[in-house]
1. If you add up the charges near residue 289, with Lys and Arg at +1 and Asp and Glu at -1, over every other residue whose beta carbon is less than 14 angstrom from its beta carbon, what do you get?
2. Can you figure out the FRET efficiency of residue 361 with residue 214, using R₀ = 60 Å and their beta-carbon distance, to the nearest 0.05?
3. Accessible area of residue 398, 1.4 Å probe, to the nearest 10 Å²?
4. Just the accessible area for residue 167, please: 1.4 Å probe, Å², rounded to the nearest 10?
5. Is any residue of the range 116-132 close enough, with backbone N under 19 Å, to a label point placed 7 angstrom from the Cα of residue 144 along the Cα-Cβ axis, and if so, which?
6. Looking at the square roots a ≥ b ≥ c of the eigenvalues of the Cα gyration tensor of the chain, which shape do they give, rounded for a/c under 1.5, prolate if a/b is larger than b/c, or oblate?
7. Holding the Cα-Cα limit at 26 Å, pick out from 37/79; 43/364; 362/460; 39/101 the pairs that are longer than that.
8. What net charge do the residues around residue 390 carry, taking every other residue with its C-beta under 13 Å from that of residue 390, with Lys and Arg at +1 and Asp and Glu at -1?
Amino acid sequence: MTEQELAAKIVELIGGTENISTVRHCATRLRIVVTDKEKIDSKGVENLDKVKGSFFNSGQYQIILGTGLVNRVYDEVLKITGDPDSGAKDAKEASPVYGNKFQRAIRMFSDVFVPVIPVLVATGLFMGLRGLLTQEAVLAVFGMTPADVPQSLLIFTQVLTDTAFAFLPALVCWSAFRNFGGSPVIGIVLGLMLVSPSLPSAYDVGSGAAQPLTFFGFLNVAGYQGSVLPAFATGILTAKFEKWLRRRVPDAVDLIVTPFVTLLVGAMLALFCIGPVLHGVENIVLVVVEKLLFLPFGIGGLIYGSFGQLLGIFGIHHILNFLEISMLAQDGWNYLNPIGTCGNVAQAGAVLAVAMKARSAKIKQIAYPSCLSALLGITEPAVFGVNLRFGRPFIMVMVGGAAGGFLASIFHLRATGMAITGIPGTLLYLNEQLPLYLPTNVVAFAVAFAMTWFFGFNAKMEEQS
């Protein structure tokens, strides 16, 4: 089945174009907001070739396709339904509201941060490769030392590794404007204002190398390098303000008045109002999370490794994107990734045990590929297709994730990037951590496999499914 045929069947089985309100996608899933969820033929969708599973969560019907394929199918769906960004700005307001306020807030995080993640993934890989190529042990293989590396090459690698995080507020503002109906180019400029070279850098102010600017005799203002929440809130509020303004400004002067007023209000809002407050809130959240992760004796890793997988089931895992991005922007390290990776690898171990013990050919056909997908960082097929379906294997996943998370915490593992785990995630640990990263994940896999084999799955469960 070609991507065009698959897209056409998906649209047909979810009730046709008239039942589609908006279409989005993340790294692995097609995310569709529908008018009437009762019109969805979920079994028909799941039986389609190349579809690894589907579920309804946080007001979205999510179809698991996998990396790469989801982008191509999304493009084909848009050819059928039309570009949601062209007419959905107002349609969005009339879309059906699913989920409680908390779930909708989490979906808002997802809609803004997911489009930014691919460039941060690339940046993380650049950091990992730079760390590998500048290690003394690696250079010694070629008869070199760190002093032999040309300065121009180091500067080039800094361009690759530092740019995305240096201008992170611009990326976040752009995505917020794009998702909330504003003009994305205004969002980019507003985000760049938050890291303008005219402002003292947040890093310099934090180190004492520079002093913040003082406004009104009491308000200290600096750049928002390494900060996410101020750009996030500023982008959303200013995008909504721009839409409100455009409805009231005469067409004859809209081109002049609307961008001018929007940027002026947005910049003042960010620098003098919500920026200082939310920057403080962001720092508090990061301190609390890091204190949890760094609890003594590996307790923090054990807790997050065990319960972190539950976040995905309830559709609130995207809030972690904000935390990971903030950690990387602050000091270049991601402390959540190594522990979360253990949970994903544990999913692979549990689903492999189910595949090997199952008698049903259909379950084996789902479970074996799901194991490989989970090892590559795509856990949805394993979670929703097998482990959560039978229940008990998912509990064993939590045990395996806890074992791996405990070791990751004891070893103080930390990643150079985000959004990739398992085997691809190895690229984020191409330094002295690699000999610890690999056995940690082997333990998570082995514990989940053994617990599922002996206690988590049996023939009776298979018959009752």
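The values are calculated or read from the model by the stated rules, or taken from the named source; none is laboratory data. Note that the structure is a prediction, hence the values are computed from the model and not measured. Ideal geometry is used to build each Cβ from the backbone, glycine not excepted, and the neighbour counts take in all protein chains shown. When the accessible area is computed, the model is the full protein with side chains, heavy atoms only, and any ligands, DNA or RNA have been set aside. Shrake-Rupley method; radii C 1.70, N 1.55, O 1.52, S 1.80 Å.
1. Details: positive: 291, 414; negative: 282, 290, 324, 331.
Local net charge: -2.
2. Working: r = 72 Å, r/R0 = 1.19.
The computed FRET efficiency comes out at 0.25.
3. Accessible area of residue 398: about 30 Å².
4. Number for this one is 100 Å².
5. Counting only backbone N, you get 126-132.
6. Oblate, since a/c reaches 1.5 and b/c is not below a/b.
7. Result: no pair exceeds 26 Å.
8. +2
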